[in-house]
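Sending over a structure as structure tokens; questions will come in a sec.
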Amino acid sequence: VTLVYKNRPPFEVMIRLLGLDQNDNYRILYVNIREIETEILNLQMRLSEDRRQQQELQMAISQCKSAADLVDRWIIIKDELKKIEAELPNAGNGLAAAKIRQKALKDHEKEVAEALRQHFSRDKSDTSNWLDRDRDSLVSLQITINQRQGQLLAAYETCTERCRKSEMMLVQHQNRRNEQDGAIVGIVDAAYQRISATLHPDRVQNPSDQTHRRWNEVQQAYRILRNVQLHRKFVSSDSEAEFFREMARLQIGFVESEKAESQDSQLHSYAARPEPPSQCRMPVVIEESSDSTSRLTTVTMVIYF
């Protein structure tokens, strides 16, 4: 079946089928849902960015701590070497052991200096000799690293607090959205009951083919509008393309859930179970195309009756 709509999204058609366009409560909820979905989307984007910054700050703090540990170790090595050099003239029988200890400390110093050079030098072609640094320059470097680490810790705490507030606000908005979803379901159910009282084929004398088609359209509109996930998707996007894609995705999920339930039932006893109410299945989109010059949207779909 190929449907052509001109300046009239199908969602609005379904709203009119149930008479919701004349319902003041629904119109207010429609606007509120759009606002809350926009706020939730903004909060989610902000929270994602804050969490990314939080991870980067955590990594930078860890790097600063590693660099501070290396500088501390180097200062200790410098002190040990100075002490050994002062003891060498009077080492006596322990001269050989002192020189071995001195050589081991110098080798360790080279390793620490190379690790710090790689940590601070982004340019791998940097050939500056870090071994030329004296103890005073290392103490100055240690102070600089500690100051930087303090700044990063303050930024990390600020970012963590922002994440906490965003998470709290997101939970509050999601609770409001759940309340709105419940209100929408109640309004749609009431509208469907009101229409079914006059349009249901069993309550119409000699129903025509047009009455049956109208009733099928009402059933399909009711099932789609009552799906809060699909309802929010269209209200927040106002896009026919996204609406049809979401509807097709939900239809696939509905079919898969039916298969899962069928397989599940085979593993249990064949005790009598109540039959689920028959539902009008959603259409599955085959293709869609748009003509920007004539403002026409053509959608080809499969509709189940």
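Output the pairs from Lys82/Lys106; Lys65/Lys106; Lys165/Lys233; Lys65/Lys103 with a Cα-Cα distance over 18 Å in this structure; if there are none, say none.
Correct reply: Lys65/Lys106; Lys165/Lys233; Lys65/Lys103.
Would you please state which residues of region 57-80 a label at Lys106 would reach in this model, taking the label point 7 Å out along Cα→Cβ and a backbone N cut-off of under 20 Å?
Label zone hits: 74-80.
Turning to a different aspect of this structure: With N set to the number of residues, divide the alpha-carbon radius of gyration of region 56-143 by 2.2 N^0.38 Å and report two decimals.
Compactness ratio reported: 1.29.
A further question on this structure: Listed highest first by mean packing, meaning other Cβ atoms within 10 Å per residue, what order do 36-43, 88-95 come in?
Highest-to-lowest ranking by the protection proxy: 36-43, 88-95.
Would you mind calculating the relative contact order of region 184-237 from Cα pairs under 8 angstrom and at least 6 residues apart, reporting the percent as a whole number?
Over region 184-237, the number comes to 42 percent.
How much FRET efficiency would the formula 1/(1 + (r/R0)^6) give for Leu170 and Ser62, where r is the Cβ-Cβ distance and R0 is 30 Å, rounded to 0.05?
With R0 = 30 Å, the Cβ-Cβ based efficiency is 0.60.
FYI, it's all coordinate maths here, none of it is from the lab. Because the structure is a prediction, the values reported are computed rather than measured. Note: ideal-geometry Cβ built from the backbone for every residue, glycine included; neighbour counts use all protein chains shown.
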